[in-house]
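Engineer: Here it is, the structure in full.
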Amino acid sequence: MSEKKPAAFKTSPKQAADNLLDGLNEKPSDFWWNLAYFLILTAAIGFIIANNHLENLTSATGLSILGILIILDAFPAIYLLKLLFNLTRGGRDN
């Protein structure tokens, strides 16, 4: 007689990503909002650089606007880099 093997446990890609983020003590919404925030600010910085002359970018106003956008872009970048670093270490917090 043949024995039936139990069905393999399958997870959806979304559930696997949620399980991974749960293992890293992160909320999935935190990841997606930070990624969207980072992409929008990076696109804005790129748009400003591409559509302005060098004189305008190096003026006091241009440097202050770019500085503010870069500082705002650093927050989600740091979060995403920390998450990437934790992923490469296998999800350990130590």
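The values are calculated or read from the model by the stated rules, or taken from the named source; none is laboratory data. Keep in mind the model is a prediction, meaning the values are calculated, not measured. Heads up, the Cβs are rebuilt from the backbone with ideal geometry, glycines too, and the neighbour counts pull from every protein chain shown. Areas reflect the complete protein model, heavy atoms only, side chains present, ligands, DNA and RNA absent. Shrake-Rupley method; radii C 1.70, N 1.55, O 1.52, S 1.80 Å.
Engineer: Evaluate the following for Lys5: is it modelled with pLDDT under 95, more than 17 Å from the chain's Cα centre (by Cα) and open to solvent by 50 Å² or more (accessible area, probe 1.4 Å)? Let's see the steps before the verdict.
Structural biologist: Values: modelled with pLDDT under 95: yes; more than 17 Å from the chain's Cα centre (by Cα): yes; open to solvent by 50 Å² or more (accessible area, probe 1.4 Å): yes.
Yes: the conditions hold for Lys5.
Engineer: Let me ask another. For the structure I just gave you, tell me whether Ile78 is at pLDDT 95 or above, open to solvent by 90 Å² or more (accessible area, probe 1.4 Å) and under 18 Å from Trp33 (Cα atoms).
Structural biologist: no
Engineer: Could we say that Ile65 is open to solvent by 30 Å² or more (accessible area, probe 1.4 Å), closer than 16 Å to Thr42 by Cβ and touching a residue at least 12 places away in the same chain (Cβ under 8 Å) here?
Structural biologist: Values: open to solvent by 30 Å² or more (accessible area, probe 1.4 Å): yes; closer than 16 Å to Thr42 by Cβ: yes; touching a residue at least 12 places away in the same chain (Cβ under 8 Å): yes.
Yes; evaluated as a whole, the condition is true for this residue.
Engineer: Within region 81-90, work out how many residues are touching a residue at least 60 places away in the same chain (Cβ under 8 Å) and surrounded by 15 or more Cβ atoms within 10 Å (Cβ to Cβ). Steps first, please.
Structural biologist: Taking region 81-90 first, the residues touching a residue at least 60 places away in the same chain (Cβ under 8 Å) are 86-87.
From the residues that got through so far, the ones that are surrounded by 15 or more Cβ atoms within 10 Å (Cβ to Cβ) too are 86.
Within region 81-90, residues that are touching a residue at least 60 places away in the same chain (Cβ under 8 Å) and surrounded by 15 or more Cβ atoms within 10 Å (Cβ to Cβ) number 1.
Engineer: Kindly provide the set of residues from region 36-62 that are open to solvent by 70 Å² or more (accessible area, probe 1.4 Å) and either among the aliphatic types (A, V, I, L, M) or under 16 Å from the mean Cα position of the chain (by Cα) (or both), ordered by number.
Structural biologist: Across region 36-62, the qualifying residues are Tyr37, Leu39, Ile40, Ile49, Ala50, Leu54, Ala60.
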